[in-house]
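Remarks on the structure that follows.
Just so it is clear, none of the values below were taken in a lab; they were calculated from the coordinates. Being a predicted model, the structure only gives us computed values, none of them experimental. Reconstructed Cβ throughout: ideal geometry from the backbone, glycine too, with neighbour counts over all protein chains shown.
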Amino acid sequence: MTKGSFLFVPYHAGRQSQADVKLTNSDARSHAAAVSRQRRDNKRLKDLPSLHFAPTLPTSGTPVNSVASPDDAQQDEESPESSSSSSSGPVYSNSTVRRRQHMRAMQFSWRAGNVSDGLKIIGGTRTDPFGYMPGTDYGRAVVDYFWQVISPVNQPIYAIFNVTNIFTSYWWELMQHEDYLPAGLAMVGAIMQKMSQPDNGPSPDVKANQASAITRLRKKHKAAMSTGGNVVDDIAIITVLALASLARFLGDIGAYEMHRRSMRAMVRSRGGLCALGHDGLVKCVLQQYDSFWVFETEGTPLFSDSRPEHIPVYPAFPLSEDLREVFMKLPAGFQSLVLKGKMSVELCNVLGRVVEASTSGVLALTPGNLNHSELREHSDFVEALPCLDTPDFSKVTIEKDICLAILLYCFHSFTTARSSVSLYAASRTELTRLLLREDEHKYSPPEQECLYWICAVCVDSWRKNGPSSPLLPQGVVLLPTLKRLKDGSASSNVLQKYLYNQELLDGCERYLAMAG
């Protein structure tokens, strides 16, 4: 006997009126229809394809060389033509209110009939813990990993720096579009796998979704060329960005560079970053990833021409009332640098927010739901702290080192994970490179003391989450610099003059002992 096979209806002994008989028969028919629908739905769910996108590269037609990698030619010969076609994604108006209403409708509705079956496993912001929804464990795990690891880790940092957070509901909004879905699954899935299995290569699921994303871009390009439609839309640009990020993460530098060139050409064909849609969120995504990549690779920014020239403003004395209030919050070491004109007003304001977050909590800085992708004051971190945009090492000042160290310190103090996010990995890579090149003798004694704090934070970033976990090789390389800066300091409690916690103090003692 299966659940739902029986119907219990009220029965009264004796004669029943004609109305009672009709009501009983109606209940029975309704139950029979419900059982029939349940059996049909169970059979449909059992036959539903899993969220494992097989490589379906076309065997004919003009390839989109600006999107696919050179190695895809061999995959073209081995993969069958996909029978599914891309459907048009959600249309976003310029109204933020309409976009958010559309987003919420997608989050809480079960979309059916107008998208591929693969999308049906995603119907809300959390996956079903009992495994009721169809799809593979891989697809559910990727969505869970994003919402339970990547998104929470980034939220405090974006709130403190007042930067538009791209790792919130906007990612979910993109995942509702079947053209972006495989690229999003591949990118987040690769990060998830790297954290749990760092020594393994990309899984078959990552490779299959990567190939499916390339296939969809090719088919979309071919269809648009044949109909005279729009070849480059917002979803296509974001998908290429995801493929570039994935290639960079997997170490495929050739594909990474090719996708970057393609993305730059696509943006130019649209008229620049400011012409892109989704209420400015596409621009935020591109600018943020562009800066991540520049920090990691010491390369050239793709969209540097879109940034207006920034002239830093340094505090003028006597300080204004607002700036004096911020100044009084700062630790003593930073106050000394402000008095010597070494810290801009933007950096002072960010430091004030870090101190406030330490005492009052992050939510005190940004009331409301941190999980919503709302446009904030700055599009990216370079806009929030323009001194980060200093590619010429000869022009780098200690201010850039301080900014990168603050980013790392915030991750250590306000989040639970470290290397699983792009901003963290990019910041510590750039700061390590700067410290290894620094000539500390060109700095004044207060700056040298601050440089010791900066180096301590950077060394601490090259260990895993455990307080006593060993240093990675990149951190070991910095130990002589840390020891030299400590020996040159006249103060015994340098770290307490800046941002610190007990974990940093204990770790620094251990690192100095390792340095000998």
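What is the sum of charges, Lys and Arg at +1 and Asp and Glu at -1, for the other residues whose Cβ falls under 15 Å from the Cβ of E356?
Local charge sum for E356: 0.
Run the quick spin-label model on R268 and E377: label points 7 Å from Cα toward the beta carbon, then report their separation in nm to one decimal.
A separation of 3.5 nm, rounded to one decimal place.
If packing is taken as the mean number of other Cβ atoms within 10 Å per residue, what is the order of 329-335, 150-156, highest first?
Result, highest mean Cβ count within 10 Å first: 150-156, 329-335.
Can you compute the FRET efficiency between A513 and L472 using 1/(1 + (r/R0)^6), with r the Cβ-Cβ distance and R0 = 22 Å? Round to the nearest 0.05.
Efficiency, rounded to the nearest 0.05: 0.80.
Short version: ³J(HN,Hα) in whole Hz for each residue of the range 429-442, in order, from phi by Karplus 6.51 cos²θ - 1.76 cosθ + 1.60 (θ = phi - 60°), x for Gly and Pro, what are they?
Going residue by residue, I get 5, 5, 5, 4, 4, 5, 5, 5, 9, 5, 10, 5, 5, 7 Hz, with x marking Gly and Pro.
Taking loop as defined by DSSP and a crowding limit of 15 other beta carbons within 10 Å, which GluC sites (Glu not before Pro) in the range 217-307 fit? Display every interim value, and only then the final one.
Working: sites: E257, E296, E298; in loops: E298.
Answer in residue order: E298.
Can you give me the C-alpha center-to-center distance between the range 182-260 and the range 274-311, rounded to a whole angstrom?
If you average the Cα positions of each part, the centres end up 19 Å apart.
Hey, which of these cross-link pairs are over 25 Å Cα-Cα: K464/K486; K194/K400; K194/K283; K342/K464?
Result: K194/K400; K194/K283; K342/K464 exceed 25 Å.
Place the peptides 452-458, 308-314, 270-276 in order of packing, highest mean first, counting for every residue the other Cβ atoms within 10 Å and averaging per peptide.
On the way: 452-458: 26.7, 308-314: 9.7, 270-276: 14.7.
So the order, starting with the most tightly packed, is 452-458, 270-276, 308-314.
Pop the C-beta distance of V313 and T390 into the FRET formula with R0 = 25 Å and round what comes out to the nearest 0.05.
Numbers: r = 16 Å, r/R0 = 0.65.
So the FRET efficiency works out to roughly 0.95.
What full-extension length gain, to one decimal in nm, is calculated for N493 and A223 as 0.36 nm per residue of separation minus the Cα-Cα distance?
Net length gain for the segment: 90.6 nm.
Can you tell me the order of 158-167, 435-444 when each peptide is scored by its average per-residue count of other Cβ atoms within 10 angstrom, highest first? It would help to have the intermediate numbers written out before the result.
Values: 158-167: 22.7, 435-444: 12.9.
Highest-to-lowest ranking by the protection proxy: 158-167, 435-444.
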